[in-house]
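J.: What follows is a structure written as structure tokens; I'll ask about it next.
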Amino acid sequence: MPGRSFVSAADFSRTEVLELLATAKALKADPRGARPLDRRVLAMIFEKPSLRTRVSFETGMVQLGGATINLAPSDIRMGAREAVADVARVMGRLCDGIMARVFAHDTVVQLATHAGVPVINGLSDLEHPCQALADFLTIDEHKDLASQPVVAYVGDGNNVCHSLLLLGEILGLEVRVGCPPGYEPAAEIVARCPRAAVTNDPRAAVAGADVVYTDVWASMGQEDSAAERRRLFRDYQVNEALFALAAPQAIFLHCLPAHRGEEVTDQVLDGPQSQVLDQAENRLHAQKAVLATLLTA
Ligand code: CP
Ligand code: NVA
């Protein structure tokens, strides 16, 4: 895997994903142990805000012996001041890897095409692969992937949902999506996930599931439709009544940030079965595995 990019959750085979998860567990067990990225530099491009992604990549690079450069939209004005491909070519000469959080998925694809160094997708409008890797690390820790846990995602068929579907398929798991009509995950993603089930009935999605997952109803860039979405998504809130339909020991996951009282209630988010903080922490360990694997070419 050294030298490769991580643009989509479908970029790695099942064997490679299991290898990344094993590396993540080893790194988690000894967070300040090996420093395989001595003097390596990861440049981070942010077209959108971030807490977890920025902090976990920065912490991860420091723990692995390397460093980061943070580039806000106003710093480079990618695509306006300079073409994306030119930004990629120059950055590939100056640093050892690029992490990018972008609006258009094609931007991160172009970066990966032209940079000549590994490019990691830190969220695009289409996917959030690092999140999905951390999610399945969390699911493995609590539910053991070998026992084939059923994952139910309730809400908007968005970037987080897409990467969860793709990685779930690679791992051989059933991922069910319960979403309002018109807000299903993209048809081309669903078509690649024969084990997945998409329904407009949130109760059918959650029934008996081992993991119940939700995300905000309006993602970054969709703020204008937030009010309309609040109305359309009302029946898709993960509250105690909906969560009670899952398996008795089911865990609750949310990529965060959460809009409390919208897609999830305080009772579920702060409840005993919520593992959202393990999940947020696992961003660090999962991404360290990705960095230590890809940036050592
Ligand atoms: N889950 C996630 O990616 O969080 P941030 O947007 O804060 O990075
Ligand atoms: N779907 C959300 C995820 C945030 C981490 C968004 O894109 O805003």
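The values are calculated or read from the model by the stated rules, or taken from the named source; none is laboratory data. All figures in this text were calculated on a predicted structure; none of them were measured in a lab. Cβ sites come from the backbone with ideal geometry, for glycine too, and all protein chains shown count toward neighbours.
J.: Only residues that are closer than 16 Å to residue 101 by Cβ and of a type in the set (A, V, I, L, M, F, W, C): list them for segment 35-73, please.
T.: To start, the set of residues in segment 35-73 that are closer than 16 Å to residue 101 by Cβ comprises 42-58, 60-61, 68-73.
Result: 42, 43, 44, 45, 46, 51, 55, 57, 61, 69, 71, 72.
J.: For a quick check of your reading: which strands (runs of 3 or more DSSP E) sit entirely within segment 188-297 and have at least 1 residues that are within 14 Å of ligand 1 (Cβ to nearest atom), in contact with a His (Cβ under 7 Å, 6 or more places away or on another chain) and farther than 19 Å from residue 158 by Cα? Outline the logic, then answer.
T.: Values: elements: 197-199, 211-214, 251-254.
By residue number, no strands (runs of 3 or more DSSP E) qualify.
J.: Something else about it: For segment 46-76, what are the residues that are surrounded by 14 or more Cβ atoms within 10 Å (Cβ to Cβ) and of a type in the set (A, V, I, L, M, F, W, C)?
T.: 46, 57, 61, 62, 64, 67, 69, 71, 76
J.: If you go through segment 105-128 one residue at a time, do you hit one that is more than 16 Å from ligand 1 (Cβ to nearest atom), free of Cβ contacts under 8 Å to residues at least 12 places away in the same chain and assigned to a helix (DSSP H, G or I)?
T.: yes
J.: For segment 1-39, name all the residues that are surrounded by 19 or more Cβ atoms within 10 Å (Cβ to Cβ), over 24 Å from residue 144 (Cα atoms) and out of contact with any helix residue (DSSP H, G or I) (no Cβ under 6 Å at 6 or more places or on another chain).
T.: 37
J.: Read through the list (1) surrounded by 19 or more Cβ atoms within 10 Å (Cβ to Cβ); (2) under 30 Å from residue 59 (Cα atoms); (3) touching a Phe, Trp or Tyr at 6+ places or on another chain (Cβ under 8 Å); (4) aliphatic (A, V, I, L, M), then give the number of the only condition that residue 269 fails.
T.: Just one mismatch for residue 269, condition (1).
J.: Please pick out the residue among 216, 212 that is at pLDDT 95 or above, more than 16 Å from ligand 2 (Cβ to nearest atom), within 16 Å of the chain's Cα centre (by Cα) and surrounded by 13 or more Cβ atoms within 10 Å (Cβ to Cβ).
T.: Step by step, each of 216, 212 is checked, and only 212 is at pLDDT 95 or above, more than 16 Å from ligand 2 (Cβ to nearest atom), within 16 Å of the chain's Cα centre (by Cα) and surrounded by 13 or more Cβ atoms within 10 Å (Cβ to Cβ).
To keep it simple, each residue is scored yes or no on (1) on the phi > 0 side of the Ramachandran plot; (2) touching a helix residue (DSSP H, G or I) at 6+ places or on another chain (Cβ under 7 Å); (3) modelled with pLDDT of 95 or more.
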residue	(1), (2), (3)
116	yes, yes, yes
124	no, yes, yes
127	no, yes, yes
150	no, no, yes
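J.: Search segment 125-140 for residues being buried (at least 24 other Cβ atoms within 10 Å of the Cβ) and acidic (Asp, Glu), and hand back the single one that is farthest from ligand 2 (Cβ to nearest atom).
T.: Once the filter is applied, the top-ranked residue is 135.
J.: Does segment 131-153 contain at least one residue that is more than 19 Å from residue 275 (Cα to Cα), in contact (Cβ under 8 Å) with a residue 40 or more places away in the chain, part of a loop (DSSP other than H, G, I, E, B) and of a type outside the set (S, T, N, Q)?
T.: For segment 131-153, residues more than 19 Å from residue 275 (Cα to Cα), in contact (Cβ under 8 Å) with a residue 40 or more places away in the chain, part of a loop (DSSP other than H, G, I, E, B) and of a type outside the set (S, T, N, Q): absent.
J.: Going through segment 88-104 one residue at a time, which ones are assigned to a loop (DSSP other than H, G, I, E, B) and surrounded by fewer than 24 Cβ atoms within 10 Å (Cβ to Cβ)?
T.: Step one: of segment 88-104, the residues assigned to a loop (DSSP other than H, G, I, E, B) are 95-96, 102-104.
Correct list: 95, 96, 103, 104.
J.: Which of the residues that make up segment 250-263 are over 11 Å from residue 212 (Cα atoms) and in contact (Cβ under 8 Å) with a residue 24 or more places away in the chain?
T.: Within segment 250-263, 255, 256, 257, 258, 259, 262, 263 meet the criteria.
J.: Give segment 124-161 a look and list any residue that's under 18 Å from residue 9 (Cα atoms) and β-branched (Val, Ile, Thr), or say none.
T.: If the condition is that a residue be under 18 Å from residue 9 (Cα atoms) and β-branched (Val, Ile, Thr), then 138, 139, 151, 160 are the ones that fit.
J.: So, one more: If residue 44 passes every condition in (1) more than 16 Å from ligand 2 (Cβ to nearest atom); (2) assigned to a strand (DSSP E or B); (3) of a type in the set (A, V, I, L, M); (4) farther than 17 Å from residue 297 by Cα but one, which one does it miss?
T.: It fails just one condition, (1).
J.: While we're on this one: Just the residues that are over 13 Å from residue 285 (Cβ atoms) and either of a type outside the set (Val, Ile, Thr) or within 16 Å of ligand 2 (Cβ to nearest atom) (or both), please, taken from segment 49-63.
T.: Listed by number, the residues that qualify are 49, 50, 51, 53, 54, 55, 58, 61.
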